[in-house]
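Notes follow the structure.
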Amino acid sequence: QVQLVESGGGLVHPGGSLRLSCAASGFAFSLYNMGWYRQAPGKQRDLVAAITSGGSTNYADSVKGRFTISRDNAKSTAYLQMKGLRPEDTAVYYCNTAIFLRDYWGQGTQVTVSS
């Protein structure tokens, strides 16, 4: 079955960096687009960054120039490199893929940016 497992979250000071990983299994990873979403308390889940099977990327305006999404098809893993973190980046970050119009999500990883 499809599984997405996020890791790499934690507590970081403003201006710091983190790299999130999403280990995928149960499907042909290289053929599918991948996305990172985040959800802060009391807010909706929003798209942060996405990468197509071909490697094209897009980002939310709020993270452009600070975050980088990438993928390693050999490892069936997607990454989100986050730099210049701000308190407003605090949220649970989720990995996502859509297969035959069905969304799959990981369990999420908490990112907290605080001094």
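What part of the accessible area of the chain, given as a whole %, is carbon or sulfur when the probe is 1.4 angstrom? Using a 1.4 Å probe with all protein chains present, the chain comes out at 49 percent carbon and sulfur. Roughly what % of DSSP beta bridges within the chain run antiparallel, to the nearest 5? Of the beta bridges lying entirely in the chain, close to 90 percent run antiparallel. Considering all different alpha carbon pairs of the chain, the Kirkwood hydrodynamic radius works out to 14.0 Å.
Ranked from largest, the principal axis spans of the Cα set of the range 15-57 equal 34, 24, 20 Å. Structural descriptor for the range 1-87: relative contact order 33 percent, calculated from alpha carbon pairs under 8 angstrom and at least 6 residues apart.
Per residue, the chain exposes 53 Å² of solvent-accessible protein surface, assessed with a 1.4 angstrom probe and all protein chains in place.
The values are calculated or read from the model by the stated rules, or taken from the named source; none is laboratory data. In this text the structure is predicted, and so the values were computed from the model without any measurement. For the accessible areas, the whole protein counts, side chains as well, though only heavy atoms, and no ligand, DNA or RNA atoms are used. Shrake-Rupley method; radii C 1.70, N 1.55, O 1.52, S 1.80 Å.
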